[in-house]
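Visitor: Please see the structure below; I have some questions.
The values are calculated or read from the model by the stated rules, or taken from the named source; none is laboratory data. From a predicted model like this one, the values you see are computed outputs, not experimental measurements. Because the Cβ atoms are built from the backbone with ideal geometry, glycine has one as well, and the counts that use them run over all protein chains shown.
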C-alpha cells in the first residue's frame, strides 16, 4: 500500500474524508486549499479536484490523492474503473496524463 493510500485510509477512518460517492465533482486549477488526503496545499499550478458531498460539505484533493482515495474507497488495489468516474475526474485524468506527473505538494 502506498503512502498516499495509507493517508487516504486514515482520513476516512478518522472522519476527515467521506467513504461514499460524491454528489458532485469538478476540477480545475489549485486554489491553495489544503488537500483532504495529504494536508498539503494545492497550488494554482497544480490540478485540484473538488468533491461535494450532500451531507458533509466540499473537499479538495490533488489528482494523485484522489486516485488513492478512490482505491481505498473501493477497497481494492485498483482505482474505480475509468467509465464509472465522474466527467470532471475523467477530464482531470486526461489532463494529468498529458502533464509530467508530480508528487502532491511538490513545486518545480
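Visitor: Return the residues of region 22-40 that are crowded, with 19+ Cβ neighbours inside 10 Å and over 18 Å from residue 5 (Cβ atoms); say none if nothing qualifies. If you could, list the steps in order and put the result at the bottom.
Guide: Our first condition is that a residue be crowded, with 19+ Cβ neighbours inside 10 Å; within region 22-40, this holds for 22, 25, 27, 35-38.
Scanning region 22-40 gives 22, 25, 27.
Visitor: Also: I'd like the full set of residues that are out of contact with any strand residue (DSSP E or B) (no Cβ under 9 Å at 6 or more places or on another chain) and over 13 Å from residue 69 (Cα atoms), limited to region 16-42. Full working, then the answer.
Guide: Start the filter on region 16-42 by keeping residues that are out of contact with any strand residue (DSSP E or B) (no Cβ under 9 Å at 6 or more places or on another chain), which leaves 19, 39.
Within region 16-42, just 39 meets the criteria.
Visitor: Another one. Can you name every residue in region 1-30 that is in contact (Cβ under 8 Å) with a residue 60 or more places away in the chain and outside any strand (DSSP E or B)?
Guide: Matches in region 1-30: 2, 4, 5, 7, 8, 9, 12, 22.
Visitor: How many residues does region 31-58 hold that are assigned to a strand (DSSP E or B), touching a residue at least 40 places away in the same chain (Cβ under 8 Å) and in contact with a helix residue (DSSP H, G or I) (Cβ under 9 Å, 6 or more places away or on another chain)?
Guide: First, the residues of region 31-58 that are assigned to a strand (DSSP E or B): 34, 41, 47-53, 57-58.
Filter once more, so that each one left must be touching a residue at least 40 places away in the same chain (Cβ under 8 Å): 41, 47, 49.
Cutting the leftovers down to in contact with a helix residue (DSSP H, G or I) (Cβ under 9 Å, 6 or more places away or on another chain) gives us 47, 49.
Total meeting the criteria: 2.
Visitor: Within 13 Å of the chain's Cα centre (by Cα) and modelled with pLDDT under 95, is that true of residue 28? Let's see the steps before the verdict.
Guide: Details: within 13 Å of the chain's Cα centre (by Cα): yes; modelled with pLDDT under 95: yes.
In short, yes.
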